[in-house]
1. Select, from ARG68, ARG54, the only residue that is of a type in the set (D, E, K, R) and closer than 22 Å to ARG105 by Cα.
2. Residues to consider are ARG160, ARG182; find the one that is at pLDDT 90 or above and either under 20 Å from PRO23 (Cα atoms) or not assigned by TED's automatic domain parsing to the domain that holds ARG27 (or both).
3. What tally of residues in the stretch 70-109 results from selecting those that are farther than 17 Å from ALA38 by Cα and among the hydrophobic types (A, V, I, L, M, F, W, C)?
4. Which residue out of SER33, SER28 is buried (at least 24 other Cβ atoms within 10 Å of the Cβ), under 18 Å from CYS152 (Cβ atoms) and either modelled with pLDDT under 90 or among the polar types (S, T, N, Q) (or both)?
5. Which number in (1) modelled with pLDDT under 80; (2) touching a strand residue (DSSP E or B) at 6+ places or on another chain (Cβ under 6 Å) marks the one condition that LEU136 misses?
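The values are calculated or read from the model by the stated rules, or taken from the named source; none is laboratory data. Please read all numbers here as calculations on a predicted model, not as lab measurements. Here the Cβ is made from the backbone with ideal geometry for all residues, glycine too, and neighbour counts use every protein chain on show.
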Amino acid sequence: MRRRFARGGARPLRRMLMRGIPPLLVRSNELLSMGRFAEGADGLEQLARAAEGRGGRRAASLYLEAGRARVLAGQNAEGVELFKQGFGILAASPFHHRLPRLAQRIIAELQERGLAQEAEQVAALVGGLEADADSLTAASSALRRPPLPTRCPGCGAPVRPDEVDWLDDVTAECEYCGSPVRAE
């Protein structure tokens, strides 16, 4: 007797496992895209703790995205605490040059949501990096890159062109799973 698999059902999962993308990351990003922020944050926090425990480079990004999800879920204090963890890891890493741009984005998002107190807390965490906003804007506009998809095709995480590592002129690396993301 031969086994038959439903088309499309097992193949995406198999491809995902072959690439080494944790299913929990994919599921967390699905939950976030459905507006289920607290549930998505739970998975991201779990992944961040695991990455931090093994010294993984993606721990900071996962903590920051989990913090963002907590804030979107209305859990502001927990979100700020996760931002603190992510910024701490990032500041001690070889990728510390990303800190001003990430802090600027997070502070702006908090202010847009009317969370001035939380924005001030984040600004205090990173040492008042808002003064560097003009130099960051000038630096990002000097280097024009082709547009990227808004979501990673591997894990579904948001792709921010000014925050990714570019592998070549048209390919960036997903900050969360490491998959290559090609320009559209």
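1. ARG68
2. ARG182
3. Qualifying residue count, the stretch 70-109: 12.
4. SER28
5. (2)
A quick yes/no check of all residues on (1) surrounded by fewer than 20 Cβ atoms within 10 Å (Cβ to Cβ); (2) under 14 Å from the mean Cα position of the chain (by Cα); (3) modelled with pLDDT under 90; (4) under 22 Å from ASP162 (Cα atoms):
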| position | (1), (2), (3), (4) |
| --- | --- |
| GLY53 | yes, no, no, no |
| ARG68 | no, yes, no, yes |
| GLY74 | yes, no, no, no |
| GLU78 | yes, no, no, no |
| GLY86 | no, yes, no, yes |
| ALA91 | yes, no, yes, yes |
| HIS97 | yes, no, yes, yes |
| ALA103 | no, yes, no, yes |
| LEU115 | yes, no, no, no |
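Each row is one residue, and each column tells you yes or no for (1) touching a strand residue (DSSP E or B) at 6+ places or on another chain (Cβ under 9 Å); (2) in a helix (DSSP H, G or I); (3) over 15 Å from ASP42 (Cα atoms).
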| position | (1), (2), (3) |
| --- | --- |
| LEU62 | no, yes, no |
| GLY67 | no, yes, no |
| ARG70 | no, yes, no |
| GLY79 | no, yes, no |
| LYS84 | no, yes, yes |
| SER93 | no, no, yes |
| HIS97 | no, yes, yes |
| ILE107 | no, yes, yes |
